[in-house]
Amino acid sequence: MAIKDFHCSYDNASGISADAVASANIAFPDVHNDARMMADLAKALKEYENAPFCTLPFCHTIEAEALGGIVNLGDENAGPRCGGYITQSMAEILDLPEIDFTKGRIAKLLEACRILSDEGEHVVVEVCGPITVMNSLIDPKYIFKTIRRDKETAKAVFDKLGEQSFRFMQQAKAHGAQFISYADVVGGVNIVGPNMAEDIVDFFTYDYVKKIQTLSDDNCMVMLCPKTTFALLGTDKAEFRNMPLSGPMRYGEACIELIGKVKLAGMTCYKNIDFTINNATFKEVVLI
């Protein structure tokens, strides 16, 4: 079975609608380092988009920054993005320090997560996969060259970054996040090609998703980016299992209803706010 691509139209770096934050006391780029403002922005976006949950963070750079990466926080027109590479080889990433969750922007994000949870919000924390994190640490051409020519180093780096992301997931859950979203959009089949995509599933993704699904329990669900779901399905590492819903509803509402019953969601992107499951049958991702 070939790996199918999921055509994503959601770009966290494209800025934030002025209409979404018109009524909130939010300043850019200060919001990215202030937990209260971060929580207020998440709630403003939830209301503006008519979403069932609040989402943090507002970019794909927070893990890379916490590892020492250079990030330009941008403004309301262009969100946080890589401000320059700090390594010239994947091997150098192995020397980067572990993430300290008590300082910097990532600490403020966790504080915002706790604020939102304490205020009764359903919170999604989006955690990035290794290639997306590396995209803000090193020129991507070195990533793909190393994966092709030096699998041992590539696997070591994936495992290191995967462990840092897993620790981030644990922290998010401890701070009240009910949903942990895992996405490695820069590592999608449309970018790396079918052969490399299959290699990545074999040496990293399958075992990693096995690990992160252990976070799912009566209070938390792991959501997979559909690009990851299709990579697992296309390599015969996973299958869909039908789960009945109480009736037709939007995808996000279905995820809320099935907390404690489903370990892995991933039939579509949680950002596809208006996607409705008209047949009242949710497709759980089950690893084989």
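The values are calculated or read from the model by the stated rules, or taken from the named source; none is laboratory data. As the structure is a computational prediction, the values presented were derived from the model and not from experiment. Glycine also receives a Cβ, built like all others from the backbone with ideal geometry; neighbour counts cover every protein chain displayed. For accessibility, only protein heavy atoms count, side chains too; no ligands or nucleic acids. Shrake-Rupley method; radii C 1.70, N 1.55, O 1.52, S 1.80 Å.
Data overview
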{"read-out": "Complete set of residues in segment 269-287 that are open to solvent by 10 Å² or more (accessible area, probe 1.4 Å), in contact with a Phe, Trp or Tyr (Cβ under 9 Å, 6 or more places away or on another chain) and not charged (D, E, K, R)", "value": "Cys269, Tyr270, Asn272, Ile273, Phe275, Thr276, Val286, Leu287"}
{"read-out": "In segment 209-230, the residues that are open to solvent by 10 Å² or more (accessible area, probe 1.4 Å) and either in contact with a Lys or Arg (Cβ under 6 Å, 6 or more places away or on another chain) or not polar (S, T, N, Q) (or both)", "value": "Lys210, Lys211, Gln213, Leu215, Ser216, Asp217, Asp218, Cys225, Lys227, Phe230"}
{"read-out": "Subset of segment 231-242 (residues that are surrounded by fewer than 18 Cβ atoms within 10 Å (Cβ to Cβ) and in a strand (DSSP E or B))", "value": "Glu239, Phe240, Arg241, Asn242"}
{"read-out": "Those residues of segment 64-88 which are in contact (Cβ under 8 Å) with a residue 40 or more places away in the chain, open to solvent by less than 40 Å² (accessible area, probe 1.4 Å) and more than 23 Å from Ile26 (Cβ to Cβ), in sequence order", "value": "Ala64, Leu67, Gly69, Thr87"}
{"read-out": "So Val285, is it closer than 26 Å to Phe203 by Cα, modelled with pLDDT of 95 or more, within 21 Å of the chain's Cα centre (by Cα) and outside any strand (DSSP E or B)", "value": "no"}
{"read-out": "Lone unmet requirement of (1) surrounded by fewer than 20 Cβ atoms within 10 Å (Cβ to Cβ); (2) at pLDDT below 90 for Lys43", "value": "(2)"}
{"read-out": "Single unsatisfied condition, Asn272 versus (1) modelled with pLDDT of 95 or more; (2) outside any helix (DSSP H, G or I); (3) closer than 22 Å to Ala177 by Cα", "value": "(1)"}
{"read-out": "Segment 85-124, subset among the polar types (S, T, N, Q) and closer than 18 Å to Pro57 by Cβ, residue nearest to the chain's Cα centre (by Cα)", "value": "Ser117"}
